[in-house]
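Worksheet: one structure, shown below.
The values are calculated or read from the model by the stated rules, or taken from the named source; none is laboratory data. Computed from a prediction, not measured in an experiment: that's the story for all the values here. Methodologically, a virtual Cβ is constructed for each residue, glycine included, from the backbone with ideal geometry; neighbour enumeration extends over all protein chains shown. Keep in mind that these areas ignore ligands, DNA and RNA; they rest on the heavy atoms of the full protein, side chains included. Shrake-Rupley method; radii C 1.70, N 1.55, O 1.52, S 1.80 Å.
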Protein chains: 2
Amino acid sequence: MNIYYFIFLPVIIAILYSVYIIFWLKKQHGGDEKMKEISSAIRLGAKAYLNRQYKTVAVVALIISIALYFAFGWLSVLGFLSGAFASALAGYIGMNIAVRSNNKTTEAAKKGLASALSLAFKAGSVTGFLVVALALLAVSLFYFLTGDIKVLISLSFGASLISVFARLGGGIYTKAADVGTDLVGKVESGIPEDDPRNPGVIADLVGDNVGDCAGMAADLFETYAVTLTAAILLGFLTIGITGIYFPLALAGVAILASVIGSFFVKLGKKQNIMNALYKGLVASLIISAVLFYPITKFYFPETYLPFYFSALIGLAVMVLMVLITDYYTAKKFRPVQSIAKASTSGHGTNIIMGLAVGMESTFLPIILISAEVLLSFWLAGLYGIAVSAMAMLSAAGMIVAIDSFGPITDNAGGIAEMTKQPEEVREITDSLDAVGNTTKAVTKGYAIASAGLATLVLFVVYTEELTAFVKNIEFKLQDPYVIVGLFLGAAIPFIFASIAMKAVGKTAGSVVKEVRRQFREIKGIMEGTAKPDYGVAVDIVTKASLKEMILPALIPIVAVLAVGLLLGAKALGGFLIGSLISGIFLAISMTSGGAAWDNAKKYIEAGNLGGKGSDTHKAAVTGDTVGDPYKDTAGPAINPLIEVMNIVALLIVKFLK
Amino acid sequence: MNIYYFIFLPVIIAILYSVYIIFWLKKQHGGDEKMKEISSAIRLGAKAYLNRQYKTVAVVALIISIALYFAFGWLSVLGFLSGAFASALAGYIGMNIAVRSNNKTTEAAKKGLASALSLAFKAGSVTGFLVVALALLAVSLFYFLTGDIKVLISLSFGASLISVFARLGGGIYTKAADVGTDLVGKVESGIPEDDPRNPGVIADLVGDNVGDCAGMAADLFETYAVTLTAAILLGFLTIGITGIYFPLALAGVAILASVIGSFFVKLGKKQNIMNALYKGLVASLIISAVLFYPITKFYFPETYLPFYFSALIGLAVMVLMVLITDYYTAKKFRPVQSIAKASTSGHGTNIIMGLAVGMESTFLPIILISAEVLLSFWLAGLYGIAVSAMAMLSAAGMIVAIDSFGPITDNAGGIAEMTKQPEEVREITDSLDAVGNTTKAVTKGYAIASAGLATLVLFVVYTEELTAFVKNIEFKLQDPYVIVGLFLGAAIPFIFASIAMKAVGKTAGSVVKEVRRQFREIKGIMEGTAKPDYGVAVDIVTKASLKEMILPALIPIVAVLAVGLLLGAKALGGFLIGSLISGIFLAISMTSGGAAWDNAKKYIEAGNLGGKGSDTHKAAVTGDTVGDPYKDTAGPAINPLIEVMNIVALLIVKFLK
């Protein structure tokens, strides 16, 4: 059977290549003792956080496992735990590599931009390759071993659970540490960012790893597993066994394309870092597009064209989504500059313009997603939408790689700052860090669009599966149950985002208290004669963010059970779509708006409109502070929120009326 | 026929009583020359604005009339123009009375709180009574004269057109004048609010009238006409002729209840102004509940209970909606205080908390509306929802009266300030003004919930009407056309709100320029030796806000035509519901969030957390500035947006495929 080659060959190549990179990284120089010491503090903090997060999730997973056992039997439990374990493993290894590579990137920067970029990207690509390889491996192995496609829903549920906790916990951690540390450090005490005298500085550096590396990894692992599962289920329903193999094969060759594409990440003559990364992305997309052709022809010898075009549409939407997000969040375009300009008349006008830009930034992505849905549906029916969604995820490996590049370079910059490296080294780490900010924004837009598509395909599967259990089920838009479902579903992302925003505020408050306490009680911190106790600060954020994460993470599960069992299958259908609609808009407006605020501040800091320290800059800092929980906590956590709700709904189909 | 008594008797009573109040107001003392002079400047500005607004709308109306003539014939044109004319008339007369009563309220304040309250409320109630009386008169007269219920859609369209322009134009005007005047006056030059030296001060006072009096009047006129039309159409489809008479009769007796209720507005021993107003509201609701009973029994002698309970549910939801909005926006509860507390750590945290409160504030209203839909549907089917929606509007007369009370007392306070009235007079006008702010917030929550319900009933009518033109039309949630429709529809309120927010920013910018110019060029303004040129500032806001209003006002009409004609009836169905869902959430979060920011500032100004002038207060002012366009421009303009889209869709039903 060719299908094994299509899947397992790329998976093995990706894993072997990751292992090779890990060994290669081990041999790289980690800099002087000071640098190693800081990196090790970050590593300890990040590991401690992730361990505790997984412990918390393990308790929830245990309870869910028991419920799954009684409802669906041990196979479902096994699927659930495998999905959770594979996702956690990808996040764990990936983050471990990331936190071991920050000081090495700083050290490499001494040799120049090219070697620092190469090292940081290679380290980031371990997470990227592991996410896609382990996700495909988990799904395909489970299917081939059990022959049961329904159990994949449980597997996806496991991945979703990790994702919703990782996104929330990591998101609260990273922004609470960031905002809390800055409030006392930058604003109250007037010491610069990443200053070693600030007791919260290690927590802040840890935050980037647990948020953007582990969080994003879990997020895309979930979207990948969920989309694959949905495509397989829908494929089997509409086409049969070929409908199962085709998405698996697409996923396989796309992983191969990502690995090859990663070799194209190289600085050009202009030394443009962003272009170097984009070159890798474009290469992997082109290779995917080429490889998809024989694959499609192999599975659909007669009717390959509509499926192939559906896949191409997915690739095209992926590219356009990146371009649109870039337009709304990069310094050189109108939206960010309009926020910067609005900052000249004060804090209030900065916020008004940022909110307006955030809301506006939803429009083009929605047109794009709508076009994707309609075009791929015209071409190849509902299954065409699934193919298109799967093709969109071809780039997932590269995207996660580019995203994980962000925290590594951010940390490298922090280490350079804290160890007082020479100007030219800091310039290199700063320029890498700046690009890391852009890639983080761009990948979020992509992640949301993918999650939206995945949810949509899941929903179609939900409606199909229901027909076996509920007779004559219809989701008519004018049905009061559907309408009420839509209303209630749309409310979930709002209340969820509200809680997440408040959680950041609360947790940041506890950081502020601790940093103030250390400044007060440990004499000599400010003079540099005494060392702050970084560990206590790390500990406090860890505990607080894990505590704050639990309630909102349970919302989607509890809400789906409540609506499904109390109001029935019809209302639940409306509920799922309602949450998708409001979720996608909130998520895009928050992540793009937040990134635009961030870059408006950076635009001013680059010397425009009065530059650093001016009143305009102060107004822009306000926007950035608001944008932080928007773009890094509430916004991205909406992806797993809407996905996990659809997964749970699919799981409980047989109990619905 | 009894139906004539039920309708025309209350209408005549309401109009006669309004005329009586107008004459009574004429006889009231207008204060000294200075007060009269300022009031007359406000009056001229407000009239000039409204005249120009109507002229602009007239051009659009003419174009639409021509289109209507060719598509549906002259009766449709007549209906359209009647609806527009009646709405404009109610707004025009109401605002005229309001701007003639501001100085009289200041003068009455010299005699004490009771007489000032009585005068301001009476003046406001003219708008309230005229809105409901003219709306019911227009709809019922048109129906009885033509016997054609379909033509009521055109009539509603006319009312919608006025509403969308009035809400947008008035909303941009009032906030641009407010923000622009404050930015130069309070922030740059350090002179107090309503200082006669500020060239923008009259424009600011005009703004309250064109926004909250004329704008809200048009908004509720539309919701009233639209709900009545939808109930009539649905009633005829499901029940027959009784289904037409019943909502008309309910509307009639509710007007009577409002007129009687208005006599209950009286200060108690505790001199609590809010309670005085609420007494009137509660009285009119109780009278409505009592009168509904015989009416329901008359029309449904056997099966009156389900219909009566549906009506009671509408009344109950109305009351609960007011209470919930009050909770989220009043100083004494947790949400506002949490924003105030968050202001202690800066501008950014104030905004984060305000956004979180705004998002949270959508939850209970949505639960409430969902419960209303399901309960009234269980009781009396789809028509039950319409009855419940109609009952909710029983209070419309009182609500508009209480809302119009706001700008009158605001202006009275401004006049007292500008003419340097003694402390005790200013205390009275200030306390009235403070209550006016609360009533404005509360009525917005009510207006949105009503608009949501009205839209829902309209949508049901849309799906029913379509069956005559499109065979086997079904709005299945899993249909890609419906999904894409939902996505695109949900995008409209986002892009609309974004444009509205930016429009306020732009228009405020032109006010800032003009005020700065006058300060610079007219020597002696600051010393009080020269008078600023208020007229030029008024003129500039008028022109700018009317210019900015046109594009967003055309969005709903163009979007419905584009989606309906290009993607068809199914996608349009999704589109309507999509806009309803995202619209209702955005509108509630914006109006409640904005009012909460406003009152958090007032809470601090009352001496809490550092009081006026502290850094905490400055952070709260930022929140208030952001809240202004949120709660007074973008948020409330979403009501007519979603209604007019449904009306246009209903109108073009026969051209759809």
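Filter the range A:606-618 for residues that are more than 21 Å from A:VAL442 (Cβ to Cβ) and not in a helix (DSSP H, G or I); which is farthest from the other protein chains (Cβ to nearest Cβ)?
Here the residue is A:GLY607.
Starting from the range B:548-572, take each residue that is open to solvent by 60 Å² or more (accessible area, probe 1.4 Å) and list its partners that are small (Gly, Ala, Ser) and in a helix (DSSP H, G or I), counting only C-beta distances under 8 angstrom and pairs at least six apart or across chains.
B:LYS570/B:GLY485
So which residues in the range B:591-616 are under 16 Å from B:THR439 (Cα atoms) and either without any contact (Cβ under 8 Å) to a residue 12 or more places away in the chain or not small (Gly, Ala, Ser) (or both)?
B:THR591, B:TRP597, B:ASP598, B:ASN599, B:LYS602
Enumerate the pairs (first residue in the range A:10-23 and farther than 16 Å from A:ALA257 by Cβ; second residue anywhere and open to solvent by 40 Å² or more (accessible area, probe 1.4 Å)) with beta-carbon separation below 7 Å, excluding pairs fewer than 6 apart on the same chain, so at least 6 apart or on different chains.
Within 7 Å, the pairs are A:ILE21/A:LYS122.
Can you name every residue in the range B:355-377 that is open to solvent by 10 Å² or more (accessible area, probe 1.4 Å) and more than 9 Å from every other protein chain (Cβ to nearest Cβ)?
The answer is B:LEU364, B:LEU368, B:LEU375.
Which one of B:ILE295, B:ILE351, B:ILE339 is open to solvent by less than 20 Å² (accessible area, probe 1.4 Å) and facing chain A (nearest Cβ under 10 Å)?
On the way: B:ILE295 fails: facing chain A (nearest Cβ under 10 Å); B:ILE339 fails: facing chain A (nearest Cβ under 10 Å).
When all the criteria are applied, what remains is B:ILE351.
Checking A:SER115 against (1) buried (at least 24 other Cβ atoms within 10 Å of the Cβ); (2) over 18 Å from the mean Cα position of the chain (by Cα); (3) among the hydroxyl-bearing types (Ser, Thr, Tyr), only one condition comes out false. Which one?
Here A:SER115 meets the rest and fails (1).
Check whether at least one residue in the range B:574-587 is over 24 Å from B:ALA491 (Cβ atoms) and under 21 Å from the mean Cα position of the chain (by Cα), and report yes or no. It would help to see each step written out before you state the result.
From the range B:574-587, those over 24 Å from B:ALA491 (Cβ atoms) are none; that's our starting set.
No, that holds for no residue.
In this structure, does B:VAL317 turn out to be open to solvent by less than 30 Å² (accessible area, probe 1.4 Å), at pLDDT below 95 and of a type in the set (Val, Ile, Thr)? First the steps, then the outcome.
Values: open to solvent by less than 30 Å² (accessible area, probe 1.4 Å): yes; at pLDDT below 95: no; of a type in the set (Val, Ile, Thr): yes.
Judged against the criteria, B:VAL317 is not a match.
Spot the failing condition for A:ASN275; the list is (1) open to solvent by less than 10 Å² (accessible area, probe 1.4 Å); (2) more than 30 Å from A:ASP615 (Cα to Cα); (3) polar (S, T, N, Q), and only one is missed.
(1)
Would you check which residues across the range B:276-297 are more than 17 Å from B:MET318 (Cα to Cα) and free of Cβ contacts under 8 Å to residues at least 12 places away in the same chain and list them?
Once the filter is applied, which keeps residues that are more than 17 Å from B:MET318 (Cα to Cα) and free of Cβ contacts under 8 Å to residues at least 12 places away in the same chain, the range B:276-297 yields B:PRO294, B:LYS297.
Quick one: count up the residues across the range B:516-540 that are of a type in the set (D, E, K, R), assigned to a helix (DSSP H, G or I) and within 37 Å of the chain's Cα centre (by Cα). Working first, answer last.
Narrowing the range B:516-540 to residues of a type in the set (D, E, K, R): B:516-517, B:520-521, B:523, B:527, B:531, B:533, B:539.
Filter once more, so that each one left must be assigned to a helix (DSSP H, G or I): B:516-517, B:520-521, B:539.
When the remaining residues are screened for being within 37 Å of the chain's Cα centre (by Cα), the result is B:516-517, B:539.
Matching residues across the range B:516-540 total 3.
Out of curiosity, is A:LYS513 open to solvent by 30 Å² or more (accessible area, probe 1.4 Å), more than 7 Å from chain B (Cβ to nearest Cβ), assigned to a helix (DSSP H, G or I) and closer than 23 Å to A:LYS543 by Cα?
Numbers: open to solvent by 30 Å² or more (accessible area, probe 1.4 Å): yes; more than 7 Å from chain B (Cβ to nearest Cβ): yes; assigned to a helix (DSSP H, G or I): yes; closer than 23 Å to A:LYS543 by Cα: yes.
Spelling it out, A:LYS513 is indeed open to solvent by 30 Å² or more (accessible area, probe 1.4 Å), more than 7 Å from chain B (Cβ to nearest Cβ), assigned to a helix (DSSP H, G or I) and closer than 23 Å to A:LYS543 by Cα.
Could you tell me whether B:GLU417 is on the phi < 0 side of the Ramachandran plot, open to solvent by 10 Å² or more (accessible area, probe 1.4 Å), away from every other protein chain (no Cβ under 14 Å) and without any contact (Cβ under 8 Å) to a residue 12 or more places away in the chain? Explain how you work it out, then say what you get.
On the way: on the phi < 0 side of the Ramachandran plot: yes; open to solvent by 10 Å² or more (accessible area, probe 1.4 Å): yes; away from every other protein chain (no Cβ under 14 Å): yes; without any contact (Cβ under 8 Å) to a residue 12 or more places away in the chain: no.
No.
Filter the range A:459-492 down to residues that are more than 16 Å from B:SER370 (Cβ to Cβ), buried (at least 24 other Cβ atoms within 10 Å of the Cβ) and more than 9 Å from chain B (Cβ to nearest Cβ), then give me how many there are.
So the answer is 1.
From A:ILE191, A:ILE255, A:ILE244, which residue is away from chain B (no Cβ under 14 Å), out of contact with any Asp or Glu (no Cβ under 9 Å at 6 or more places or on another chain) and at pLDDT below 95?
On the way: A:ILE255 fails: at pLDDT below 95; A:ILE244 fails: at pLDDT below 95.
The match here is A:ILE191.
Just a yes or no: is a residue in the range B:379-397 without any contact (Cβ under 8 Å) to a residue 12 or more places away in the chain, within 14 Å of another protein chain (Cβ to nearest Cβ) and open to solvent by less than 30 Å² (accessible area, probe 1.4 Å)?
The initial filter retains those residues of the range B:379-397 that are without any contact (Cβ under 8 Å) to a residue 12 or more places away in the chain, namely none.
Looking through the range B:379-397, none of the residues is without any contact (Cβ under 8 Å) to a residue 12 or more places away in the chain, within 14 Å of another protein chain (Cβ to nearest Cβ) and open to solvent by less than 30 Å² (accessible area, probe 1.4 Å).
Test each condition in (1) more than 10 Å from every other protein chain (Cβ to nearest Cβ); (2) surrounded by 20 or more Cβ atoms within 10 Å (Cβ to Cβ); (3) within 30 Å of B:ALA508 (Cα to Cα); (4) over 27 Å from the mean Cα position of the chain (by Cα) for A:THR344 and report the one that comes out false.
Among (1) more than 10 Å from every other protein chain (Cβ to nearest Cβ); (2) surrounded by 20 or more Cβ atoms within 10 Å (Cβ to Cβ); (3) within 30 Å of B:ALA508 (Cα to Cα); (4) over 27 Å from the mean Cα position of the chain (by Cα), A:THR344 violates only (2).
Looking at (1) within 26 Å of the chain's Cα centre (by Cα); (2) at the interface with another protein chain (Cβ under 10 Å from one of its Cβ atoms); (3) basic (Lys, Arg), can you tell me which one B:LYS506 breaks?
(2)
Identify, by number, the condition in (1) crowded, with 21+ Cβ neighbours inside 10 Å; (2) outside any helix (DSSP H, G or I) that B:LYS502 doesn't meet.
(2)
Can you find a residue in the range B:619-635 that is away from chain A (no Cβ under 13 Å), buried (at least 24 other Cβ atoms within 10 Å of the Cβ) and not in a loop (DSSP other than H, G, I, E, B)?
Pass one, the range B:619-635, residues away from chain A (no Cβ under 13 Å): none.
Looking for residues that are away from chain A (no Cβ under 13 Å), buried (at least 24 other Cβ atoms within 10 Å of the Cβ) and not in a loop (DSSP other than H, G, I, E, B), one finds none in the range B:619-635, hence no.
Looking for whichever is within 18 Å of B:ILE642 (Cβ to Cβ) and surrounded by 24 or more Cβ atoms within 10 Å (Cβ to Cβ) here; the options are B:ALA177, B:ALA214, B:ALA218. Which one fits?
On the way: B:ALA177 fails: within 18 Å of B:ILE642 (Cβ to Cβ); B:ALA214 fails: within 18 Å of B:ILE642 (Cβ to Cβ).
Residue meeting the stated conditions: B:ALA218.
Hey, among the residues in the range B:436-458 that are touching an Asp or Glu at 6+ places or on another chain (Cβ under 8 Å), of a type in the set (S, T, N, Q) and crowded, with 24+ Cβ neighbours inside 10 Å, which one's nearest to the other protein chains (Cβ to nearest Cβ)?
Filtering the range B:436-458 for residues that are touching an Asp or Glu at 6+ places or on another chain (Cβ under 8 Å), of a type in the set (S, T, N, Q) and crowded, with 24+ Cβ neighbours inside 10 Å, the one nearest to the other protein chains (Cβ to nearest Cβ) comes out as B:THR455.
Go over the candidates A:LEU136, A:LEU155, A:LEU161 one by one and state the one that is under 20 Å from the mean Cα position of the chain (by Cα), under 17 Å from A:VAL226 (Cβ atoms) and modelled with pLDDT under 95. Show your work before the answer.
Numbers: A:LEU136 fails: modelled with pLDDT under 95; A:LEU155 fails: modelled with pLDDT under 95.
Of A:LEU136, A:LEU155, A:LEU161, the one residue that is under 20 Å from the mean Cα position of the chain (by Cα), under 17 Å from A:VAL226 (Cβ atoms) and modelled with pLDDT under 95 is A:LEU161.
Restricting to the range A:221-265, name every residue that is open to solvent by 10 Å² or more (accessible area, probe 1.4 Å), more than 27 Å from A:TYR278 (Cβ to Cβ) and in contact (Cβ under 8 Å) with a residue 24 or more places away in the chain.
Selection gives A:PHE236, A:LEU237, A:THR238, A:ILE239, A:THR242, A:TYR245.
Scan B:ILE647, B:ILE584 and give me the residue that is among the β-branched types (Val, Ile, Thr), buried (at least 24 other Cβ atoms within 10 Å of the Cβ) and touching a Gly at 6+ places or on another chain (Cβ under 7 Å).
On the way: B:ILE647 fails: touching a Gly at 6+ places or on another chain (Cβ under 7 Å).
One residue alone meets the criteria, B:ILE584.
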